[in-house]
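A short reminder: the numbers here are calculations on the coordinates, not readings from a lab. For clarity, every value in this text was computed on a predicted model and none was experimentally measured. Here the Cβ positions follow ideal geometry from the backbone for every residue, glycine too, while neighbour counts run over all protein chains shown.
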Amino acid sequence: MAAAAAAAAASTPVKSGPVPFKDIDDGSVPEHTPKEEFSDLVTGLPCRHLSISELRLYQGFWLSAHWVPGTVVFQRRFTPRPDDVILASPPKCGTTWLKALAFAVAARGAYPPTCAGHPLRRLNPHDCIPFIEDVFAGGEEAKLDLLPSPRLMNTHLPYTLLPETVTSGGCCRVVYICRDLKDMVVSMWHFFGPSLPGLSFDDMFESVCDGTAGFGPVWDHVLTYWRASVAHPDRVLFLKYEDLLRDPAHNVRRLTKFMAQPFSAAEEAAGAVAAVVELCSFDNMKGLEVNKTGTSGAYVGYARDSFFRKGIAGDWANHMTPEMAARLDDIARDKFRGTGLTFT
Ligand code: PAP
């Protein structure tokens, strides 16, 4: 399969990307996956369970056992291109929104945000931009070669688990988004809760507080990117969900500048920024037919409408006691003290 995909890549005319991943994915599956290759490595790692979800401690972070082998392959075999953009986040912190925005700005040459045939009007953002863990866990990384440049990909891995070719090669750009941890817990609970039998909101809350929720400890996750963004602001952009809610246009401009695709004066005058913001807005995305039906995701197919719940800041107040909120705030304050990072 890898050879076939590579051969197809070699014969495919290079178009200007990004193009939706779904449009190049022929649905083929490889004969062998990294799961078999790295099963010994996985079984040797410390293990925890959150309901039926098996988590393994890999290089300091609790990853779903399913994604560890793919992560190893990603670390060892990923070949970045200079204009790749990797979108990173802890789960439920604004991934879907960032994917939509990044795709909309990067593809605006071929697809103006107002055009009726825009890919984001027929595809969920997760079907436009591949999820690295899914692609590598499925042994489907050759499909990434089929994507014309610039490629957009996303990951939930912390910065320290990205391949060295990405972090020290100075090669591609990384955009990170995170959000207030209390709202993250609430969003996780609504999203993952239905597929994790017997899991209570308190269980989810405790797993985040003790650092064992998927891709956690979340504060370490956030700090890996925060420090990288301070050290390499030209290579790592750090965004907060709440800032995007407060001023989406300003943050879309930041995103385009960082991606080396700033809006021209003509685009500004024509209202392109507002058009991108509107296309990717919560209400517009939630209202699209494609996002009301079907599923996205290879390992677990999540109902597309579950990616669009409330889209606000502060919903934690409807789910947590003041004591729980204070406990998580104290943890965040303690972990982020002296780093310059706050969520106020
Ligand atoms: P993922 O990690 O599974 O991809 P992710 O997109 O990070 O999920 O998180 C979903 C959250 O982003 C949801 O938040 P909520 O549960 O607090 O409501 C979802 O509503 C929100 N979201 C999705 N799309 C948008 C959007 N276009 N604008 C604002 N918020 C959004």
Query raised in the report: How big is the gap, in Å, between the Cα center of the range 58-72 and the Cα center of the range 191-238?
Result: 14
Report summary line: Packing-ranked peptide list from 211-220, 296-305, highest mean Cβ count within 10 angstrom first, is 211-220, 296-305
Requested in this report: Extending each Cα 7 Å along its Cβ direction at LEU57 and ALA116, get the distance between those two points in nm, one decimal.
Outcome: 5.8
Query raised in the report: In nm, to one decimal, how far is the modelled label at HIS32 from the one at ASP330, with both set 7 Å along Cα→Cβ?
Result: 5.2
Query - Cα convex hull of the range 231-323 - mean projected area over all directions, nm² - result: 9.6
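Nearest 5 is fine: what % of DSSP beta bridges in the chain come out antiparallel, could you say?
45
Find the percent of Cα-Cα distances in the chain that exceed 34 Å, and round it to a whole number.
21
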Requested in this report: Starting from the Cα-Cα distance between GLU323 and VAL290, subtract it from 0.36 nm times their residue separation and give me the gain in nm to one decimal.
Outcome: 7.9 nm
Requested in this report: Note the full-extension length gain between PHE282 and ASP247 as 0.36 nm times their separation in residues minus their Cα-Cα distance, in nm to one decimal.
Outcome: 11.2 nm
Report summary line: Under the 7 Å Cα-to-Cβ spin-label approximation, CYS171 and SER264 lie apart by a distance in nanometres of 3.1
